[in-house]
Structures are given as structure tokens and as C-alpha cells.
Amino acid sequence: MLFGKTILITGVASGIGACAAELAGQMGADVIGVDVREPSSGFSSFIKGDLSTAVGVEEIVKQLPNRIDALANVAGLSGNTGVTATLAVNFYGLRALSETVASRLREGGAIVNVASIAGYGWRANLERAKTLTAVAGFPDVASLVSEHGLKNEEGYPLSKELLLLWTMRAAHEPLFKARGVRVNAVSPGPVETPILKQFRAVLGDARVDSDITRVGRAGNSADIAPAILFLCSDGARWINGANVPVDGGLEASINADVLGF
Ligand SMILES: NC(=O)c1ccc[n+]([C@@H]2O[C@H](COP(=O)([O-])OP(=O)(O)OC[C@H]3O[C@@H](n4cnc5c(N)ncnc54)[C@H](O)[C@@H]3O)[C@@H](O)[C@H]2O)c1
């Protein structure tokens, strides 16, 4: 499915990104890993880079080859470092990398954004999401946060709401669509990675435990990575602008509560 493809994966030093990189390698892909931290396992091609600033994104892009088949945007923050950093990495940095890399993605290539069940509220908060995704480029995120009075505890869910909305819009933007580049999202439920402990601190144990109880267990990285890589592959060539929940049925269960069926 991925044999001979060049796949750029962010967040490879830990959790879901590390697992996706390993699996892509096993499937015959050439993986270029990006992370702000050094991965413990050896990468033939690793770029140490910081997605939280425009300069950081530019530095990463400078080191990339001219032709890439897919970009998996996996890197993310839990919100425990505040709303500014979280929006910068989880949305504006991710979007800047995707937009800058677009011209190197081959015709028929793909972008896969790792969002979250935490972005479920994008419809309820649509006007805010529209306003914040309409800000072009890599803005001064601190100013945006103060202008809109955004609170630290809103950072993580908000970042994923923006990401889900942008995924649908990007699928139809000429920058991607004219090149035949598909843009999709995967939304995990709670997954046993180092970030889960931070979610417990940010969102509270009750929220995390309730999500896990609804579906019987927390996920693990190996539950999520295959869905990301499928969306990167040609097998997903007719899937575009979609959000695929990979959560053991959590979103279906929440839909039933919220919509009353
Ligand atoms: N684990 C979960 O419960 C869960 C649930 C839903 C969504 N997600 C999402 O899955 C993605 C991966 O999370 P994970 O569970 O593997 O967490 P993780 O903490 O194990 O991995 C996140 C990786 O992102 C990297 N990163 C953070 N800031 C960066 C920056 N500025 N530049 C480059 N890299 C940076 C980290 O160094 C780390 O290696 C995230 O986007 C997260 O929001 C996770």
C-alpha cells in the first residue's frame, strides 16, 4: 500500500507518530520524521524541528526533498502549556507546514491531520472556528488569543475544532485540490500515550474515564496508526475532506446522547 512512497510524519518521537512511522517503514515507505524532540529509535531521515513558530516551520521545509507522497500531521500538545502554544502547534503550525509543503506533494498525494474527539464541538462553536481559521498564514498567536479572550482550558478542544473545520475547507482549496491532493482527518478517542496523563490534568479524570468507560478500554497507538496510513495511501483515493473517528465507537455514543437517538 505504501511501498516506495515518501511519507513525512510529524510527532515521531512519541506515541501515535512513532507508531505510524514504524508501521509505514514496515510497509516499505521511506519515512521522513519530524519532531521537536529526538526520537529514541533510529531514523534514517529525521528532522529536528519546532512547529510552534513560522521560522521553525520554514527551517523544517528547507530540509525536505522536492517530492513527497503524503504528509501525516501527528505532532500535538495537550493544552497543558497554555492556549497560545497549543493553537500554534496543533493548528497554525500544522496548517503552515501543510500549505508550504503542498507544492512538493505529488499529484494524487495526501495530507492526514490527527484531530481528536475533543474537536467534537466544532459545529456548536462554528462562528468562532470560522473566524479563527479565516486568519491566514502563521499569525501572531499570542495576539489572537488576547484579542479573542481565549482561555488556557479551551486551547486543546479549540485547536482540534479549527483543525476539523480546516480539513473540510482545505479539501476544496485550489492549493490542494488543483494538485489532486486529498486532505482528511483521523479523530482518536483516548489513547494510552504520554499525552493521556496530561489530558487527565487538563480535562479532568472524570471526562477521560467516562470516555474510556463508554467504549470499554482506552486505545493504543497501534489502533490509530493503520487508519492514518490508509488515508495516506492510494486505497483512499476517493476519500477527501473526511473525518474518520478511530475511537472504539465513542463518537457514535456521544452522537446518540447529543442527538437523542
Ligand atoms: N493520546 C490521546 O489520547 C489522543 C487522543 C486524541 C488525539 N490525540 C492526538 O494525537 C496526536 C499525537 O499524540 P500522542 O498521543 O502520540 O502524544 P505524544 O505526546 O506521545 O506525542 C506528541 C508528539 O508531538 C511532538 N511535538 C510537540 N510539540 C511539537 C512541536 N512544537 N514541534 C514538533 N513536534 C512537537 C512531541 O515531541 C511528541 O513527540 C496529537 O495531535 C494529539 O492531540 C491523542
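The values are calculated or read from the model by the stated rules, or taken from the named source; none is laboratory data. Just so you know, these numbers come straight off a predicted model, no measurement behind them. Positions of Cβ are backbone-derived with ideal geometry, glycine not excepted, and every protein chain shown enters the neighbour counts. Protein only, heavy atoms only, side chains kept; ligands, DNA and RNA dropped before computing areas. Shrake-Rupley method; radii C 1.70, N 1.55, O 1.52, S 1.80 Å.
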>> I'd like the residue in region 3-13 that is open to solvent by 30 Å² or more (accessible area, probe 1.4 Å) and in contact with an Asp or Glu (Cβ under 9 Å, 6 or more places away or on another chain) and, out of all such residues, is nearest to the ligand (Cβ to nearest atom).
In response: 5
> Is it the case that some residue within region 177-194 is open to solvent by less than 20 Å² (accessible area, probe 1.4 Å), in contact with a helix residue (DSSP H, G or I) (Cβ under 6 Å, 6 or more places away or on another chain) and away from the ligand (no atom under 16 Å from the Cβ)?
Replying inline: no
>> Quick check on this structure: which one of 94, 87 is within 24 Å of residue 179 (Cα to Cα) and modelled with pLDDT of 95 or more?
In response: 94
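Can you list the helices (runs of 4 or more DSSP H) lying wholly within region 189-261 that have 3 or more residues being over 30 Å from residue 4 (Cβ atoms) and without any contact (Cβ under 8 Å) to a residue 60 or more places away in the chain?
194-203, 205-215, 250-259
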> From the list 52, 41, which one is open to solvent by 30 Å² or more (accessible area, probe 1.4 Å) and at pLDDT below 95?
Replying inline: 41
>> Checking residue 202 against (1) under 30 Å from residue 105 (Cβ atoms); (2) open to solvent by 20 Å² or more (accessible area, probe 1.4 Å); (3) touching a Phe, Trp or Tyr at 6+ places or on another chain (Cβ under 9 Å): exactly one of these is not met. Which one?
In response: (1)
> Listed residues 68, 117, 60, 47; which is within 14 Å of the ligand (Cβ to nearest atom), in contact (Cβ under 8 Å) with a residue 40 or more places away in the chain and over 11 Å from the mean Cα position of the chain (by Cα)?
Replying inline: 117
> Among the numbered criteria (1) touching a residue at least 40 places away in the same chain (Cβ under 8 Å); (2) open to solvent by less than 10 Å² (accessible area, probe 1.4 Å); (3) in contact with a helix residue (DSSP H, G or I) (Cβ under 7 Å, 6 or more places away or on another chain), which single criterion is violated by residue 75?
Replying inline: (2)
>> I'd like to know if region 141-156 contains one or more residues that are open to solvent by less than 10 Å² (accessible area, probe 1.4 Å) and either in contact with a Pro (Cβ under 6 Å, 6 or more places away or on another chain) or not in a helix (DSSP H, G or I) (or both).
In response: no
